[in-house]
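Quick notes on the structure that follows.
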Amino acid sequence: MRVITTNKRANFEYFILEEFTAGISLVGGEVKSIRNGSVSIKDSFVHFRSGEAYIINMYIKRYAFDNLGNIDERRPRKLLLHKREIDYLIGKVTEKGLTIVPTKLYFDKNLVKLDIALCRGKHLYDKRESIKQRDIKRDIQREVAR
């Protein structure tokens, strides 16, 4: 498994409840562009349309040597999940006000995989607590290193 990019803001902005692994339907030079690391999942999220899951606002830079023409760099891309997983996620998102965000993009045996997480948003005081815990952990690491 070779990790391409992670969404560091996801752990700060949300409480992660469950994680799922999904494949992505890509075209042309998008895979080569991902191999080069020209991808960002920072502002993306998962949306459901007609019983299928799509990742919205995921940026994949256009591959320079691609001859497929102009493909939108932020186009919706279909996620490859099992039907029961899609039904479960649709039920969770609609009934409880949860959201689904990507956490990690990686290669697994030459296939592009995306880890998505079912999340609940943090309040401001929760974010302050996360910052405090991170600072304490960093201070402990400094003391141990001395």
- prompt: Between Asn57 and His82, what length in nm is gained on full extension when 0.36 nm per residue of separation is reduced by their alpha carbon distance?
  reply: 6.8 nm
query: What order do you get for Val112, Val3 when you list them from fewest to most C-beta neighbours inside 10 Å?
result: Val3, Val112
message: More than 27 angstrom separation, counting every C-alpha pair in the chain; what % is that?
response: 32 percent
field: Ranked list, fewest to most other Cβ atoms within 10 Å of each Cβ, for Ile34, Ile90, Ile140, Ile41
entry: Ile140, Ile90, Ile34, Ile41
field: Distance in nm between pseudo-label sites at Arg120 and Thr94 (7 Å out along the Cβ direction from Cα)
entry: 2.1 nm
task: Sort Arg77, Arg146, Arg49, Arg9 so that the residue with the fewest other Cβ atoms within 10 Å of its own Cβ comes first and the one with the most comes last.
output: Arg146, Arg49, Arg9, Arg77
message: Test of understanding: what is the full-extension gain from Ile71 to Asp108, defined as 0.36 nm times their sequence separation minus their Cα-Cα distance?
response: 10.8 nm
statement: Taking the dipole of the stretch 2-145 about the Cα centre (Lys, Arg +1; Asp, Glu -1; charges at Cβ), the one of Ile60, Leu80, Gly23 that reaches farthest to the positive side is Ile60
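Throughout, read-outs are computed from the coordinates displayed, never taken from laboratory work. Being a predicted model, the structure only gives us computed values, none of them experimental. Quick reminder, even Gly has a Cβ in these numbers, built from the backbone with ideal geometry, and neighbours come from all protein chains shown.
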